[in-house]
Every structure is written in C-alpha cells, then in structure tokens.
Amino acid sequence: MKKVTVYTSNTCPYCVAAKDFLTENNVEFEEKNVTESLDYREELLAKGYRGVPVLVIGDEEIVGFDQNRISELLGL
C-alpha cells in the first residue's frame with residue numbers, strides 16, 4: 001500500500017469526508033493538521049497549496065476530496 005498523508009484543518013468538512021473515506025476503506029494515513037501545527041502549515045505552503053484537504057498518495061498530490069482519484073490511486 002502506498003503511503004498516504006492528509007493535510008487537514010479543524011474547520012474543513014471535506015477533510016472529515018476524506019479521512020472518513022480512508023478509514024472506511026481500511027487505509028492507514030498520517031494526518032497533518034495545519035491548524036494545530038505551524039510546521040505542517042509551512043510544509044503545505046512549501047508544496048504550493050493554501051487550502052485543504054491535500055492528500056499525498058505515494059508521489060501524487062490531490063487537492064480536495066476527489067474520491068474517484070483517491071480510489072484509483074489506492075486500487076479501491
């Protein structure tokens with residue numbers, strides 16, 4: 001399984017949907033909450049993104065909760 005990282009914030013409903021989808025499909029992921037960590041916020045900005053969710057699956061980056069693309073990359 002590819003490594004999955006999800007950049008989130010405390011007030012983002014699409015972040016919750018993305019995390020719920022991964023959990024329901026038994027996909028392990030690392031959550032990086034940009035509201036709670038300045039380091040994670042800086043990481044996200046360094047990637048060129050200002051909004052969340054951003055999912056990093058292997059070498060691919062997905063902006064927003066694109067369920068079809070996430071499923072495709074994870075083979076779900």
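The values are calculated or read from the model by the stated rules, or taken from the named source; none is laboratory data. As the structure is a computational prediction, the values presented were derived from the model and not from experiment. Because the Cβ atoms are built from the backbone with ideal geometry, glycine has one as well, and the counts that use them run over all protein chains shown. Protein only, heavy atoms only, side chains kept; ligands, DNA and RNA dropped before computing areas. Shrake-Rupley method; radii C 1.70, N 1.55, O 1.52, S 1.80 Å.
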Karplus-derived 3J(HN,Hα), 6.51/-1.76/1.60, for each residue of the range 29-40, Hz, glycine and proline x:
8, 9, 9, 10, 7, 6, 6, 9, 9, 5, 4, 5
Contact order relative to length for the range 24-70, counting C-alpha pairs under 8 Å separated by 6 or more residues, stands in percent at 18
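Exposed loop sites here are trypsin sites (Lys or Arg not before Pro) in DSSP loop states with at most 16 other C-beta atoms within 10 Å. What is the longest stretch of the chain lacking them?
No qualifying site falls inside 4-46, the longest such stretch.
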Report, in deg cm²/dmol and to the nearest 500, the calculated mean residue ellipticity at 222 nm for the chain, where each DSSP H run with n ≥ 4 adds -39500 (n - 2.57) and the sum is divided by the residue count.
-11000 deg cm²/dmol
Among beta bridges assigned by DSSP with both residues in the chain, the antiparallel ones amount in percent, to the nearest 5, to 65
Per-residue HN-Hα couplings for the range 58-71 [Karplus 6.51, -1.76, 1.60; θ = phi - 60°; Hz; x = Gly/Pro]:
x, 9, 8, 10, 10, 9, x, 9, 9, 4, 5, 5, 4, 4
Could you check how much of the accessible area of the chain is carbon and sulfur, as a whole percent, using a 1.4 Å probe?
44
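If you place +1 on the Cβ of every Lys and Arg, -1 on the Cβ of every Asp and Glu, and leave all else neutral, what size is the dipole of the chain about its Cα centre, to the nearest 20 Debye? List each step's numbers first, then the result.
Values: 8 positive and 14 negative charges, 29 e Å.
Roughly 140 debye, rounded to the nearest 20.
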Neighbours of Ala17 by Cβ distance under 12 Å: Lys/Arg at +1, Asp/Glu at -1, summed charge -2
Equivalent ellipsoid semi-axes - Cα gyration tensor, the chain, angstrom
19, 13, 11
To the nearest Å², the heavy-atom accessible area per residue of the range 3-76 with 1.4 Å probe amounts to 60
Just add up the charged neighbours of Leu44: K/R +1, D/E -1, any other residue whose Cβ is under 14 Å from the Cβ of Leu44.
-3
Apply the Karplus curve 6.51 cos²θ - 1.76 cosθ + 1.60, θ = phi - 60°, to the phi angles in the range 16-22 and return the couplings in whole Hz, x for Gly and Pro.
4, 4, 5, 5, 4, 4, 5
Name the long-range amide H neighbours of Asn33: under 5 Å, sequence gap of 5 or more, or other chain; modelled H, no Pro or chain starts.
Thr8
